[in-house]
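The values are calculated or read from the model by the stated rules, or taken from the named source; none is laboratory data. Note that the coordinates shown come from a computational prediction; the quantities given were computed from them, not determined experimentally. Cβ: placed from backbone, ideal geometry, glycine included. Neighbour counts: every protein chain shown. Surface accessibility is based on the protein's heavy atoms, side chains included, excluding ligands, DNA and RNA. Shrake-Rupley method; radii C 1.70, N 1.55, O 1.52, S 1.80 Å.
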Amino acid sequence: MKKRIWVLDTETKGTGAQMVPLEQVLKDPSAPGPPLFVPPKRRPRAEPEPEPRPPRRFRVIDVMTREVLAEDADGRAVVDALAGVRSVVDVHISVWDQDEERWRLLTFAEQKAIWALRDR
């Protein structure tokens with residue numbers, strides 16, 4: 001007589017667990033399981049086109065006299081306004097910051113980059 005091993009089967013839903021023979025609980029590894037669901041790959045969402053940035057607006061002020069040499073000017077007009085200036089340290093060049101709605105003084109390196117365009 002063969003002894004049976006009994007185990008507690010908790011697979012039942014809502015009715016509680018039952019004592020069943022071990023052979024009934026063991027699953028055959030070669031038996032196919034439930035079909036595997038693989039979701040399709042997501043299509044990338046089209047990002048909205050960024051709004052075109054308006055052209056930069058500059059202001060050039062003489063440091064000594066505080067005279068405005070160029071107000072609300074484009075890049076070409078700024079370079080032309082610098083033609084009569086002796087040195088890059090003699091002027092302050094500011095750019096209009098659209099996000100903060102105020103004039104931002106350019107760094108010395110940025111002013112020198114514009115100054116270099118003057119000599120072309």
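Please pick out the residue among R53, R59, R4, R43 that is at negative phi and in contact with an Asp or Glu (Cβ under 7 Å, 6 or more places away or on another chain).
Details: R53 fails: in contact with an Asp or Glu (Cβ under 7 Å, 6 or more places away or on another chain); R4 fails: in contact with an Asp or Glu (Cβ under 7 Å, 6 or more places away or on another chain); R43 fails: in contact with an Asp or Glu (Cβ under 7 Å, 6 or more places away or on another chain).
One residue alone meets the criteria, R59.
Which residues, taken from segment 30-68, are of a type in the set (D, E, K, R) and closer than 30 Å to R86 by Cα? Step through it out loud before you land on a result.
Pass one, segment 30-68, residues of a type in the set (D, E, K, R): 41-43, 45, 47, 49, 51, 53, 56-57, 59, 62, 66-67.
Within segment 30-68, R56, R57, R59, D62, R66, E67 qualify.
If we scan segment 2-16, do we find a residue that is touching a helix residue (DSSP H, G or I) at 6+ places or on another chain (Cβ under 7 Å), surrounded by fewer than 13 Cβ atoms within 10 Å (Cβ to Cβ) and assigned to a loop (DSSP other than H, G, I, E, B)?
yes
Any chance you could count how many residues in segment 21-72 are within 30 Å of K112 (Cβ to Cβ) and either within 31 Å of the chain's Cα centre (by Cα) or among the basic types (K, R) (or both)? Please lay out each step first, then the result.
Of the residues in segment 21-72, the ones within 30 Å of K112 (Cβ to Cβ) are 50, 52-72.
Retained after the next criterion (residues that are either within 31 Å of the chain's Cα centre (by Cα) or among the basic types (K, R) (or both)): 50, 52-59, 66, 72.
Of the residues in that region, 11 qualify.
Output the strands (runs of 3 or more DSSP E) that fall wholly within segment 17-120 and possess 1 or more residues being touching a residue at least 40 places away in the same chain (Cβ under 8 Å), or say none. Give the steps one after another, and end with the answer.
Details: elements: 18-21, 58-62, 68-73, 91-97, 102-105.
Those strands (runs of 3 or more DSSP E) span 58-62, 91-97, 102-105.
Tell me which residues, restricted to segment 58-91, are over 17 Å from R104 (Cβ atoms) and among the acidic types (D, E).
Within segment 58-91, D62, E67, D80, D90 qualify.
Between D72, D62, which is of a type outside the set (F, W, Y), modelled with pLDDT of 90 or more and surrounded by 13 or more Cβ atoms within 10 Å (Cβ to Cβ)? Let's see the steps before the verdict.
Details: D72 fails: surrounded by 13 or more Cβ atoms within 10 Å (Cβ to Cβ).
On inspection, the qualifying residue turns out to be D62.
Could you look through segment 94-117, keep only residues that are among the basic types (K, R) and open to solvent by 80 Å² or more (accessible area, probe 1.4 Å), and pick out the one that is farthest from V78 (Cα to Cα)?
Let us first name the residues in segment 94-117 that are among the basic types (K, R), namely 102, 104, 112.
Cutting the leftovers down to open to solvent by 80 Å² or more (accessible area, probe 1.4 Å) gives us 102, 112.
Details: R102: 18, K112: 13 Å.
By that ranking, first place goes to R102.
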